[in-house]
Amino acid sequence: MKLFYRPIDLRGVDTVIYHLPDGPALALRLDGIKEYFDFETEFGHVCDTSDIDGVLHFFPRGNA
């Protein structure tokens, strides 16, 4: 278990794809709601491709 995580910079992120357990994924546009997301308190893995396509993939624990 990691004790410290790198902070996630959401400035370049337009969409978050939240990969749910058992396969489905939920895509969320972050227009106006970025301040409500706090990935540092979530357990899982993040794949940040925002520099390429503006997307951040989040895989919660159990699906990572």
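Every read-out reported here was derived from the displayed coordinates using simple, explicitly stated rules and does not represent laboratory data. Keep in mind that what you see is a predicted model, and the values were worked out from it rather than measured. Every residue, glycine among them, receives a Cβ derived from its backbone with ideal geometry; neighbour counts consider all protein chains shown.
Could I have the simple spin-label model distance between L26 and T49, label points 7 Å from Cα toward Cβ, reported in nm to one decimal?
Between L26 and T49, the simple spin-label model gives 2.1 nm.
Can you compute 3J(HN,Hα) from phi for each residue in region 10-19, using the Karplus curve 6.51 cos²θ - 1.76 cosθ + 1.60 with θ = phi - 60°, rounded to whole Hz and x for Gly and Pro?
Each residue's phi maps through the Karplus curve to give 8, 4, x, 8, 9, 9, 10, 9, 9, 7 Hz.
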